[in-house]
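> Got a structure here, written out as structure tokens. Questions coming.
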There are 2 protein chains.
Amino acid sequence: MGAPVKVVMGQRLLRANAALAKENRARFGAAGTLVVNLISSPGAGKTTLLEETLARLGGRFRVGVIEGDICTTRDAERIAGKGTPVVQINTAGVCHLDASTVARAVEELGGGYDIIFIENVGNLVCPAEFDLGEDVKVALLSVVEGGDKPAKYPEVFRTASAAVITKVDLLPHTDFDLAACLKELHNINPGMAVFLTSARNGAGIAGWCEWLKRLVPVAGRQGR
Amino acid sequence: MGAPVKVVMGQRLLRANAALAKENRARFGAAGTLVVNLISSPGAGKTTLLEETLARLGGRFRVGVIEGDICTTRDAERIAGKGTPVVQINTAGVCHLDASTVARAVEELGGGYDIIFIENVGNLVCPAEFDLGEDVKVALLSVVEGGDKPAKYPEVFRTASAAVITKVDLLPHTDFDLAACLKELHNINPGMAVFLTSARNGAGIAGWCEWLKRLVPVAGRQGR
């Protein structure tokens, strides 16, 4: 019952979403805005990585943020506290963002950005299936979740341009097999950039920000 | 587009699922089997908690396991390695188990169990909405995910009979506010049992197993 019906409807939904994502992508391209879709499990550190990234890039680029959550505005408040323009999407139970809700959020955010970060709902599954019109998907994985996650949730890692492995300061306290995880990421997506980061001690954040800066359309880079 | 259509179809799906869950529940009740639905983010430690639980209860109760994953049979292999009967469900991209797939897995698992554990797909969102016919839902939350997760993903914590806070051995290395998290759990679901556990040093596992034992139907408890 459940699963087959869901899959059929899912495909109709995904086609409608793909058309809207294409419109979003054209709009972002015309505006010269880099759009980054951040995807991970709950608690992998998306908002914290964003805070660190805004601290480094916020002064040099015009950055906006769209926060996706099922409920609460906590993440948006954290970002707004840093002085960054932010729009919160509450999905009211829906487990992912889609291109339509992002289009509405972008309307509210307004124009003139070099980079827009979209923090998706905390979920390693469904967000991978919904194109938002972003330039790049970035998958976060905390070392505390275990190194088997790329193999168990391959779609998000297969379609992401980069993997950010977070909380590496906790590596000595876990049995996370970093070499095995890196090998698995490479098997799933050989071309992906991988960053080993810790918001706690700052490891890897500069490299991640350098990677982002190179993706900003030329107009934005030259402007500052 | 996306979200509203999904909600409408979701309700038809949920009604069909509820009817099948009722059938499952009647079957489990007639068989005198306690059925436990384990729900958490990816990497919170569901399989590890199961391994610890099987080590303590497996000799005294007839225990079976149903493993839900999008793909791979890794979790089932871990459980089978402990000599416990296990059936793996691969959902092929679907982000939760439903009552129909569980009914088929139970057929395969066979009868005669005191306890069946169902490890749901790693996802704090959708599994909360799909009744499987279980007696109790248990929500796991690792201290590394952050104490704000009950407020951000309330449905699973509202409907669970117990919360298992995992990886508490990592507390000194995180800024997890345990008191605030416990208060939030209490606000969302005042009647829920809460266990602070570490599979690494064994903390809290005995209390969790005692709680489970008291839930096993009388026939199963008297049998051993």
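The values are calculated or read from the model by the stated rules, or taken from the named source; none is laboratory data. This structure is a prediction, so every number in the text was calculated from the model and none was measured. Neighbour counts run over all protein chains shown; Cβ positions are idealised from the backbone, glycine included. In case anyone asks, the SASA skips ligands and DNA or RNA and just uses the protein heavy atoms, side chains included. Shrake-Rupley method; radii C 1.70, N 1.55, O 1.52, S 1.80 Å.
> If packing is taken as the average number of other Cβ atoms within 10 Å across a peptide's residues, how do A:64-75, A:135-146 rank, most packed first?
Numbers: A:64-75: 21.7, A:135-146: 25.1.
Ranked by mean Cβ neighbours within 10 Å, highest first: A:135-146, A:64-75.
> Once phi is turned into θ = phi - 60°, what whole-Hz ³J(HN,Hα) does the Karplus curve with 6.51, -1.76 and 1.60 give for every residue of the range A:69-79, x standing for Gly and Pro?
Couplings: 9, 5, 7, 6, 10, 4, 5, 4, 5, 4, 6 Hz.
> Another question, then. When you take every Cα atom in chain B, what is the radius of gyration, and what is Dmax, the widest Cα pair distance, in Å?
My reading of the Cα-based Rg and Dmax gives 17.0, 56 Å.
> How large is the dipole of chain B about the Cα centre if only Lys and Arg carry +1 and Asp and Glu carry -1, each at its Cβ, rounded to the nearest 20 debye?
In debye, rounded to 20, chain B gives about 500.
> Counting only other chains, and only Cβ atoms inside 10 Å, what mean value do you get across the residues of B:149-156? Can you show the working numbers first?
Details: counts 3, 0, 4, 10, 10, 3, 3, 0.
Per residue, the number of nearby Cβ atoms from other chains is 4 on average.
> Explain nothing, just compute: Karplus ³J(HN,Hα) = 6.51 cos²θ - 1.76 cosθ + 1.60, θ = phi - 60°, for every residue of the range B:168-173 in order, whole Hz, x for Gly and Pro.
Result, ordered by residue: 5, 4, 8, 3, x, 9 Hz.
> Can you tell which of B:Leu178, B:Ile66, B:Gly146 lies farthest toward the positive end of the dipole of chain B, using +1 and -1 charges on the Cβ of basic and acidic side chains (Lys, Arg; Asp, Glu)?
Positive-end residue among those listed: B:Ile66.
> Provide the per-residue ³J(HN,Hα) series for the range A:14-22, in order, calculated from phi with Karplus coefficients 6.51, -1.76, 1.60 and θ = phi - 60°, each as a whole number of Hz, with x at glycine and proline positions.
Couplings: 5, 5, 4, 5, 4, 5, 5, 5, 4 Hz.
> Report, for A:Gly110, each distance to the same residue's label point in the other copies, shortest first and in nm; define the point 7 Å along Cα→Cβ.
Those separations, rounded to one decimal, come out as 6.8 nm.
> Moving to a separate point now. Using a simple charge model, +1 on the beta-carbon of Lys and Arg, -1 on the beta-carbon of Asp and Glu, nothing else, what dipole does the protein assembly as shown show about its Cα centre, in debye to the nearest 20? Write out the running numbers ahead of the final one.
On the way: 50 positive and 48 negative charges, 48 e Å.
With Lys and Arg at +1 and Asp and Glu at -1, about 240 debye.
> May I ask you to derive the relative contact order of the range A:2-220, considering only C-alpha pairs under 8 Å and at least 6 residues apart, and to give it as an integer percent?
Working: 413 pairs, mean separation 54.1, N = 219.
Once divided by the residue count of the range A:2-220, the mean separation gives 25 percent.
> A plus B alone minus the pair: what accessible area, both sides summed, probe 1.4 Å, in Å² to 100?
4000 Å²
> Could you rank the peptides B:148-158, A:16-26 by their average count of other C-beta atoms within 10 Å per residue, with the highest value first?
Listed from highest to lowest mean packing, they are B:148-158, A:16-26.
> What is the average number of partner chain Cβ atoms found within 10 Å of a Cβ in B:43-52?
Averaged over the peptide's residues, the number is 3.
> Counting only other chains, what is the mean number of Cβ atoms within 10 angstrom of the Cβ of each residue in peptide B:96-107?
Average neighbour count from other chains, rounded to a whole number: 2.
> Rounded if a/c is under 1.5, else prolate if a/b beats b/c, else oblate: with a ≥ b ≥ c from the C-alpha gyration tensor eigenvalues square-rooted, which is the range A:98-153? Please list the in-between numbers first.
Values: a/c = 2.99, a/b = 2.16, b/c = 1.39.
Prolate.
> Can you give the log10 of the normalised intensity I(q)/I(0) at q = 0.12 Å⁻¹, computed with Debye over equal Cα scatterers of the protein assembly as shown?
Per q value, in the given order, log10 I(q)/I(0) is -1.00.
> To the nearest 500 deg cm²/dmol, what mean residue ellipticity at 222 nm is calculated for chain A from DSSP H runs of n ≥ 4 alone, each contributing -39,500 (n - 2.57), summed and divided by the residues?
Mean residue ellipticity at 222 nm (helix-derived): -13000 deg cm²/dmol.
> Next question, about the same structure. Find the accessible area per residue for the protein assembly as shown; the probe is 1.4 Å, ligands and nucleic acids are left out, and the unit is Å².
About 39 Å² of surface per residue is accessible.
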